[in-house]
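Have a look at the structure below before the remarks.
The values are calculated or read from the model by the stated rules, or taken from the named source; none is laboratory data. Predicted, not measured: the structure shown is a model, and the values here were computed from it. In this analysis, Cβ positions are derived from the backbone assuming ideal geometry, glycine residues included, and neighbour counts consider all displayed protein chains. For accessibility, only protein heavy atoms count, side chains too; no ligands or nucleic acids. Shrake-Rupley method; radii C 1.70, N 1.55, O 1.52, S 1.80 Å.
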Amino acid sequence: MPLVDPLTDTLAGDSANSHFQTLKTKLGTVPNMYRTLGHAPHVLQSVISMGQAIRADLDPKIREL
């Protein structure tokens, strides 16, 4: 059992749900890692932004490392 339970759509606030909807559109689902980060929507947004920056700004060889 996880120490922090992932948020369901009904328990998530508006900010987290907004991010969840975006992830559902892009991925088809919301992985539990993001649902758990939904407890702190600012952290969730930061993790999403960091992932986007890594995919967009790093050379593929460096990104793989």
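Here are a few things to note about the model shown:
- Rounded to the nearest 20 debye, the dipole magnitude of the chain is 160 debye, with +1 charges on Lys and Arg beta carbons, -1 on Asp and Glu beta carbons, and the Cα centre as origin.
- When you count the other C-beta atoms within 10 angstrom of each residue and take the mean per peptide, 28-41, 5-18, 47-60 line up highest first as 28-41, 5-18, 47-60.
- Note on LEU58 and SER46: the extension gain reaches 2.6 nm, defined as 0.36 nm multiplied by sequence separation minus the Cα-Cα distance.
- Its relative contact order, with pairs defined as Cα atoms under 8 Å and 6+ residues apart, puts the chain at 32 percent.
- Apolar share of the accessible surface for the chain: 60 percent from carbon plus sulfur atoms, 1.4 Å probe.
- Residues in the chain average 75 Å² of solvent-accessible surface per residue, probe 1.4 Å, ligands and nucleic acids excluded.
- Rough spin-label spacing in nm, given labels placed 7 Å along Cα→Cβ, for LYS26 and THR8: 2.6 nm
- Across the options THR36, PRO2, ALA56, the greatest Cα extent toward the positive end of the charge dipole of the chain (unit charges at beta carbon of Lys, Arg, Asp, Glu) belongs to ALA56.
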